[in-house]
Structures are given as structure tokens and as C-alpha cells.
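K.L.:
To start, I am sharing the structure in question, which I have written as C-alpha cells.
Please treat every number below as a calculation from the coordinates, not as lab data. Every value quoted in this text rests on a predicted model; they were computed, and no experiment measured them. We place every Cβ from the backbone using ideal geometry, glycine too, and count neighbours over all the protein chains shown.
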Amino acid sequence: MRYFMLLCVAFHAALCTDMLPFVEEAPWVPNCRNPIHFKVLGKYVTKCTYLCEGLPYRSSWEYDGTPCVKLVDGERKEGFCKAGKCELVGTTS
């Protein structure tokens with residue numbers, strides 16, 4: 001049981017730090033179910049894209065307007081998800 005939990009933590013850490021390249025390569029589907037609901041401080045998502053539940057691997061992104069956080073120069077900046085990217089508050093692109 002201990003090894004299974006360690007494997008789950010390692011997989012989740014790899015997913016949150018972009019160490020799994022197939023997230024971006026997986027086909028995109030609109031609004032599928034997110035199996036890992038990880039939010040910082042219970043409010044912000046760390047990434048605006050996620051792997052969908054089940055097989056085959058598919059990816060989707062959070063709804064536009066979902067609060068997100070991004071590290072900029074070692075400082076946490078707040079923003080909102082827009083088309084799969086975390087747009088910082090006060091910036092336009």
C-alpha cells in the first residue's frame with residue numbers, strides 16, 4: 001500500500017510539473033471529466049490543461065474564467081484561464 005501511494009504522488013507531481021509530454025500531444029476534447037481536481041488554496045488551478053479521465057489519453061482545458069496561478073520570477077501571480085493558457089490579471093495578449 002505504501003508503494004502504491006508513493007507511485008500516485010510521483011505521478012501527480014510529474015503531471016503538475018510538465019514532466020509528462022503526452023498531455024500536450026493527446027487529442028483535445030471539449031469539457032471532459034478531470035480525474036485530478038488539484039487546486040492551490042482550494043481556489044486556483046495550477047495548469048489550465050489536464051488529462052481526461054479514462055483511455056485513450058485525451059486532453060482538455062479548464063473553462064474560460066477559471067482562476068489560476070502562475071510563478072513569475074519566483075512570485076505567485078493570479079490570473080484566469082483563457083483557451084487553455086493562464087492569462088495574468090492586468091495583461092492582454
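K.L.:
Provide the descending list of Cα extents for segment 22-88 along its principal axes, expressed in whole angstroms.
P.N.:
Cα spread of segment 22-88 along its principal axes, largest to smallest: 36, 21, 20 Å.
K.L.:
Now, a different point. Can you tell me how much longer the chain between Glu78 and Met1 gets when fully stretched, taken as 0.36 nm per residue apart minus their C-alpha distance, in nm with one decimal?
P.N.:
Values: separation 77, 0.36 × 77 = 27.72 nm, distance 3.69 nm.
Extra length available between Glu78 and Met1 comes to 24.0 nm.
K.L.:
To make sure I understand, if each residue's beta carbon is the centre and we count other beta carbons within 10 Å, what order do Leu88, Leu41 fall in, fewest to most?
P.N.:
Numbers: Leu88 15, Leu41 8.
Ranking Leu88, Leu41 by Cβ neighbours within 10 Å, fewest first, gives Leu41, Leu88.
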